[in-house]
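Have a look at the structure below before the remarks.
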Amino acid sequence: MSQTIKVNDLVIRFANVNGTGSASANNMFAKAVFRMGIPVTPKNIFPSNIQGLPTWYEVRVSEKGYLGRRDGVDIMIAVNAQSFPTDVKNVRSGGYLIYDSTKTLDPEFIREDLHYIGIPMMQLCVQHFADPRQHMLMKNIVYIGALAALLNMDVKVFEQIIREQFAKKEKLIPGNLEALQLGIQYAKENFNCPLPLRMESRDLCGNKILAEGNNACGLGAVYAGATVGSWYPITPSTSVMNAFEKWCHKLRIDSKTGKKNFAIVQAEDELAAMGMVLGASWNGARAFTATSGPGVSLMSEFLGLSYFAEIPAVLIDVQRTGPSTGMPTRTQQSDILAAAYASHGDTKHILLFPSTPTECFDLTAKAFDLAERFQTAIIVMIDLDLGMNDHLCEPFQWDPSKKYDRGKVMTAAELESGKIFGRYLDIDGDGIPYRTIPGTHPTKGSFFTRGSSRDEFARYTEDGDVYARNMNRLLKKWHTAAKEMPKPEIVREEKSNKEAVLYYGTSSYAALEATDLLDLQGRRMNAMRLLSFPFPEEVKSFIDQHEKTYIIEQNRDAQMRSVLMQELNIHPEKLKSVLQFNGMPITADYIVRCIQSEKSFIPQYEKLELAESLHS
Amino acid sequence: MTYAKPNFRHPALAKNEIGFSKRDYEGALSTLCAGCGHDSISAAIVQACFEMSIQPHRLAKLSGIGCSSKTPTYFLGNSHGFNSVHGRMPSVATGAILANKDLIYLGVSGDGDTASIGMGQFVHAIRRNLNMVYIVMNNGCYGLTKGQDSATADEGSVNKSGAENPFQGIDLCGLGIELGAKFVARSFSGDKSQLIPLIKAALKHPGFALIDVISPCVTFNNNAGSTKSYDYTREHIEATAAIDLVPYKSEITIDQLEGSTELIQMHDESYIRLNKLHPDWDPMDKFSALRNLHLAHSKNEILTGLIYLDTDSKDLHEILNTSDTALNALSAEELCPGLDVLDKINESYR
Ligand SMILES: Cc1ncc(C[n+]2csc(CCOP(=O)(O)OP(=O)(O)O)c2C)c(N)n1
Ligand code: SF4
């Protein structure tokens, strides 16, 4: 077994039982790595249930700053008997298995190629703590302490985090500190600390933050001035509205009256949630909702109305595996087609694709400006991975001089001055008409909003030419929008490179690393990250420049590739796919394997077994 | 085709307090079948709003889909209107009301729109006590899709093709009371003298006000055997409490009250005068209201008038405790927490 020393480069996975308080202990570990200035990527891998079943938390530590998942587990903290057999199998050769040695290890789980570190976690807790609930909770802190010693981590950082975490329940601090020490002491006395895998403090995180996408979306909506939020619970989007509510309670209560400068309604279903958004936006408030794939389906009819009747709406779609319920707690990018073309008739919607929580904040805020500017639905496409996991990212920024773009709204004064008002009249030649907010003027500017065909003055008509003229104007508006969309990020564009990768959202983390790995093999690729649909013209010219472009996506049917072909009229031969759809965030190794083999194969590795083990 | 009325206004037309004539409350020419009950309801809405001197731009009209839901085009041409999607007017109204609590909201729906596809949203609009008037133009059938039975069609009622409806009908008034609506009325499109005061009182009510109006579909459901036909309705009508709105400014002398009349104060201090026609009717008594609805049903009678009223009503904004300023009128300064706060938030993520 190799004993080369590896610093700040490992994957550690915690296998726990759902509902035993392990989440906060595991978080503590990731946060400590971050505070030591080392780039870290934590991921929750959790089943769709409330309590009792296996749950995992995986932390990647990367000196080089790679923030995607990496295949292969170096250290497994296996404290769940139910998943133990699979957990043992999933450690890479030469890796470490940390287990609770209160009970002796069944010989059938001994692998010759692993290092075993037994810590009598439960026994230590029973000896030092009185109440049984504490035994369970403190066990988690004991293994965190052991890890601190085994990996040579800064104990003060852990102590500080414990003090912060329990600032409001000070009574709990001494016990947690004691449990931490128990783990440290036991590891030091019984094993050669540190292991060859170890951590050293660095200054690689700058002023970055460790934040979650859903939370950032909720905060972005507050900064954007959203006042109406309506939603229906669905994993993994629920925490978007929870975050909005939390921030509103902190930041939006009128100090004099105690009244709320916001309204949040838990709707009776997603249909109603979207209806409320349209009603509120039509009436001049900034309104939004958040959902996942099944909710998007229910919202479809209203999305079509938003497009055709030109009513602003903001929707945060936190994608999960589909179709139907799929694996509701696993990630995918599989609502691309459903969202882009949601609804009946000729309809298409503006999509935004953040990759980081920072962008979740920015693009959610931007979505409100775009929705009002283009008087249509804007769908912010994130996924479970981005929404429900912490990500190392730039701090949130806000330009204090920024004004909200309320779009083309005609005021009472403008109406009074005799400006022509035709609700669907293209006065400026950009396809975007003017609207008025109900209640504006006693005799001018009222109009009737409807999904039936109408003329430029919002009068009902079934004249085919008038209908077609309107549909063409909507298309013109779409082309105007394309010019104002966030530009794609051109990560690398060297003339000599004939191949490129193109990706969006959370695939970016692994894609960036994959291009570095391919570089090492002498296969240099240009790279572009998409941020919006409609596609700005840079997207087409980028693809045109290359003989071959690999589109990296986390869905089965290459949905973004279809949209690219369809919208940009690109020959299918030019676009290759790298597809992963097993519900786990894509890895760099996997991308490299796909590109090398020229195949988009169905992944057959460990995570699928993990998922299956839940049902056995 | 577009239908618009000429803008000509006769100078001699009577004006209301704010200087508008009745024409100012009308809309485009109706394209509904001649004789459709829905047009009479539109006319009653026009009359009620004219008499109440409602500023047309302060009223927003919303509807779902159906012949009935088309009617907002035919009244209050100076009001903003929203003809949404089938059955989902209540959610759109909820959003609109959340955004601006200061407008008057008038929702129009059909019995198909409300009692079938939109039943869920209807129920929740009541539950949330939206401050709106919700008029169901109830013809017991689907007009726009050519006469299928709706969920309010009575059991045994015969539709145009001669088929008998095998299912029980839903009584929207009973349901409304059961769900906690505080203003529940039923009327008949052909009875202007009852319908207009009801609409006026509903507009004054500070919460969800339901008016279920029997509105015969002349084309598909005005045949013998239909319990929503003109003839059947006229023959089986039984009035409950008839009402009148007493405007705020008029002098109120309690002495004038006769035995069967009662004055009820609305939230803006205007009064409605209630004439109890039905001998044992107390619209403030929920249990007797429900009992009488059931009783009438068992006798194949249609009760009309104000069936139930509770003026003590907390609307959605009060329930949510939202700001006194309409949410759509809050400024960016009031809404955006600014950079300093953001820096502190960033700090909490380190
Ligand atoms: C989602 C959807 N399903 C079906 C329809 C077709 N549709 C239009 S109106 C209507 C029924 C209208 O009946 P009702 O609400 O009673 O109104 P009426 O026409 O009788 O006034 C139906 C089924 C539709 N527009 N949308
Ligand atoms: S079909 Fe019936 S409901 Fe529709 S307009 Fe004609 S009469 Fe009225």
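Here, each number is a calculation from the coordinates, and none is a lab measurement. The model shown is predicted, which means the values in this text are computed figures rather than measured ones. Every residue, glycine among them, receives a Cβ derived from its backbone with ideal geometry; neighbour counts consider all protein chains shown.
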Quick check on residue B:120: is it away from ligand 2 (no atom under 15 Å from the Cβ), in contact with an Asp or Glu (Cβ under 7 Å, 6 or more places away or on another chain) and without any contact (Cβ under 8 Å) to a residue 60 or more places away in the chain?
yes
Residue match in segment A:239-247 (condition: in contact with a strand residue (DSSP E or B) (Cβ under 7 Å, 6 or more places away or on another chain) and assigned to a loop (DSSP other than H, G, I, E, B)):
no
Verdict on residue A:26 being surrounded by 22 or more Cβ atoms within 10 Å (Cβ to Cβ) and in contact (Cβ under 8 Å) with a residue 12 or more places away in the chain:
yes
Scan B:167, B:188 and give me the residue that is touching an Asp or Glu at 6+ places or on another chain (Cβ under 7 Å) and more than 14 Å from ligand 2 (Cβ to nearest atom).
B:167
Select the helices (runs of 4 or more DSSP H) contained entirely in segment B:273-350, then report the ones holding at least 1 residues which are among the charged types (D, E, K, R) and within 14 Å of chain A (Cβ to nearest Cβ).
B:316-320, B:332-335, B:338-348
Selection from segment B:217-237 of residues more than 16 Å from ligand 2 (Cβ to nearest atom) and in a loop (DSSP other than H, G, I, E, B) yields B:224, B:225
Can you name the residue in segment A:437-467 that is part of a loop (DSSP other than H, G, I, E, B) and among the aliphatic types (A, V, I, L, M) and is also nearest to residue B:93 (Cα to Cα) among such residues?
A:437
So which helices (runs of 4 or more DSSP H) stay within segment B:72-189 end to end and still have 3 or more residues that are away from chain A (no Cβ under 14 Å) and either within 13 Å of ligand 1 (Cβ to nearest atom) or farther than 26 Å from residue A:446 by Cβ (or both)?
B:172-179
Could you check residue B:90 against (1) away from ligand 2 (no atom under 13 Å from the Cβ); (2) surrounded by fewer than 24 Cβ atoms within 10 Å (Cβ to Cβ) and say which number it fails?
(2)
Checked segment A:213-238 for anything assigned to a helix (DSSP H, G or I) and buried (at least 21 other Cβ atoms within 10 Å of the Cβ); matches are A:213, A:214, A:215, A:216, A:217, A:218, A:219, A:220, A:221, A:222, A:223
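One line per residue, one yes/no per condition, for (1) among the hydroxyl-bearing types (Ser, Thr, Tyr); (2) in contact with an Asp or Glu (Cβ under 6 Å, 6 or more places away or on another chain):
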site	(1), (2)
A:9	no, yes
A:12	no, no
A:55	yes, no
A:67	no, no
A:76	no, yes
Please state which one of A:173, A:161 is over 23 Å from residue A:5 (Cα atoms), without any contact (Cβ under 8 Å) to a residue 24 or more places away in the chain and out of contact with any His (no Cβ under 6 Å at 6 or more places or on another chain).
A:173
Set B:54, B:65: member being touching a residue at least 24 places away in the same chain (Cβ under 8 Å) and within 16 Å of ligand 1 (Cβ to nearest atom):
B:65
Where in segment A:292-401 are the helices (runs of 4 or more DSSP H), entirely inside, with at least 1 residues that are more than 11 Å from chain B (Cβ to nearest Cβ) and surrounded by fewer than 24 Cβ atoms within 10 Å (Cβ to Cβ)?
A:293-309, A:336-340, A:357-374
crowded, with 18+ Cβ neighbours inside 10 Å and not charged (D, E, K, R): is that true of residue B:313 in this structure?
yes
Inspect segment B:53-61 for any residue being hydroxyl-bearing (Ser, Thr, Tyr), more than 7 Å from chain A (Cβ to nearest Cβ) and buried (at least 19 other Cβ atoms within 10 Å of the Cβ) and give the result as yes or no.
no
When only residues in segment B:201-216 that are assigned to a strand (DSSP E or B) and within 16 Å of ligand 2 (Cβ to nearest atom) count, which is farthest from residue B:32 (Cα to Cα)?
B:212
